[in-house]
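In what follows, a structure is listed as structure tokens, so that the remarks can point back to it.
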Amino acid sequence: MTTAKTPGTETDPWAGRVESGDWDAITAEVDEYGGALLPQLLTPEETVEIRELYGQDALFRSTVDMGRHRFGEGRYRYFDTPYPEPVERLKQALYPRLLPIARDWWTKLGRPAPWPDSLDEWLRMCHDAGQTKSTAILLHYGEKDWNALHRDLYGDLVFPLQVVINLNEPGVDHTGGEFLLLEQRPRAQSRGTATLLPHGHGYVFTTRDRPVASARGWSAAPVRHGVSAIRSGERHTLALVFHDAA
């Protein structure tokens, strides 16, 4: 069942799209698999507008060549703040929906859950701890590019969920480029999942690990994420991380 809309979504289209999701089903899927597909968070026109930001150097604080650092192949850029409006509004709208999942996970794992009710307050905590660098990312992949399995931690303060949005249309703008999750299950073989993200849709997934039920209670299963090789065309991705970097 889709829950009631949060007040204010009528004037905030990005918040309205976040609220359009069946969050009971999303929560159940991310609990089971460590990741879940979200509704369409950006219109086709908005995805084009965000893709075109990639060439505007003044909007970014740094650029990373993945091949140079052996992270894969391709490039990504960290947005500087203030973020473009869709980026900021989506982060603000997603945080309260992800927060109950994060708190539930950390309760199961017997860990303190430090996250306050608002994203702004949480980011102030990050900044007070020396994590002051912005972490929203715009990624660009060309043919044969890929992203190695990794985790986006950036410091001691970590929010356990993050979101990616595909800014291109699979099968038209690119082939390949599936989003990958690899979960190291306690005392068992690793489990992988691959998801081809629809155009403009989000995907929420675990940043570091997730609780897995075991005979002795709950265990933490480490999870890494990446992107399979682009077979043809190009793919842009917007990545929303909910903690800042040291």
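The values are calculated or read from the model by the stated rules, or taken from the named source; none is laboratory data. These numbers were taken from a predicted model, which means no experiment stands behind them. Because the Cβ atoms are built from the backbone with ideal geometry, glycine has one as well, and the counts that use them run over all protein chains shown. Calculation scope for accessible area: heavy atoms of the full protein, side chains included, ligands and nucleic acids excluded. Shrake-Rupley method; radii C 1.70, N 1.55, O 1.52, S 1.80 Å.
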query: Among all residue pairs at least 6 apart or on different chains, which show Cβ distances below 9 Å where the first residue, located in region 62-79, is free of Cβ contacts under 8 Å to residues at least 40 places away in the same chain and the second is part of a loop (DSSP other than H, G, I, E, B)?
result: Ser62/Asp80; Val64/Phe71; Asp65/Phe71; Asp65/Gly74; Gly67/Gly74; Gly67/Asp145
- request: Scan region 41-61 for residues that are loosely packed, with under 14 Cβ neighbours inside 10 Å, over 26 Å from Gly16 (Cα atoms) and either touching a residue at least 60 places away in the same chain (Cβ under 8 Å) or aromatic (Phe, Trp, Tyr) (or both) and jot them down.
  value: Arg61
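Listed here are the residues, each with its yes/no results for (1) in contact with a strand residue (DSSP E or B) (Cβ under 8 Å, 6 or more places away or on another chain); (2) open to solvent by 50 Å² or more (accessible area, probe 1.4 Å); (3) in a strand (DSSP E or B).
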residue: Leu197; (1), (2), (3): yes, no, no
residue: Pro211; (1), (2), (3): yes, no, yes
residue: Trp218; (1), (2), (3): yes, yes, yes
residue: Arg224; (1), (2), (3): yes, yes, yes
field: Residue pairs meeting the criteria (Cβ under 6 Å; at least 6 apart or on separate chains; first more than 23 Å from Ala102 (Cα to Cα), in region 186-206; second assigned to a loop (DSSP other than H, G, I, E, B) and acidic (Asp, Glu))
entry: Leu196/Glu178; His199/Glu169
query: Would a scan of region 58-80 turn up a residue that is in a helix (DSSP H, G or I) and within 26 Å of His127 (Cβ to Cβ)?
result: yes
message: Six or more apart or on different chains, Cβ atoms under 8 Å: show the pairs whose first residue is in region 13-27 and within 11 Å of Pro39 (Cβ to Cβ) and whose second is surrounded by fewer than 16 Cβ atoms within 10 Å (Cβ to Cβ) and hydrophobic (A, V, I, L, M, F, W, C).
response: Asp22/Met1
- prompt: Which pairs have Cβ atoms under 9 Å, sit 6 or more apart or on different chains, and link a residue in region 126-146 that is farther than 20 Å from Gly233 by Cβ to one that is in a strand (DSSP E or B) and open to solvent by 40 Å² or more (accessible area, probe 1.4 Å)?
  reply: Lys133/Arg61; Ser134/Arg61
- request: Would you be able to tell me the number of residues in region 105-125 that are touching a residue at least 60 places away in the same chain (Cβ under 8 Å) and part of a helix (DSSP H, G or I)?
  value: 5
query: Could you say which residue among Ala113, Ala102, Ala148 is out of contact with any Gly (no Cβ under 7 Å at 6 or more places or on another chain), surrounded by fewer than 17 Cβ atoms within 10 Å (Cβ to Cβ), within 27 Å of Glu32 (Cβ to Cβ) and not polar (S, T, N, Q)?
result: Ala113
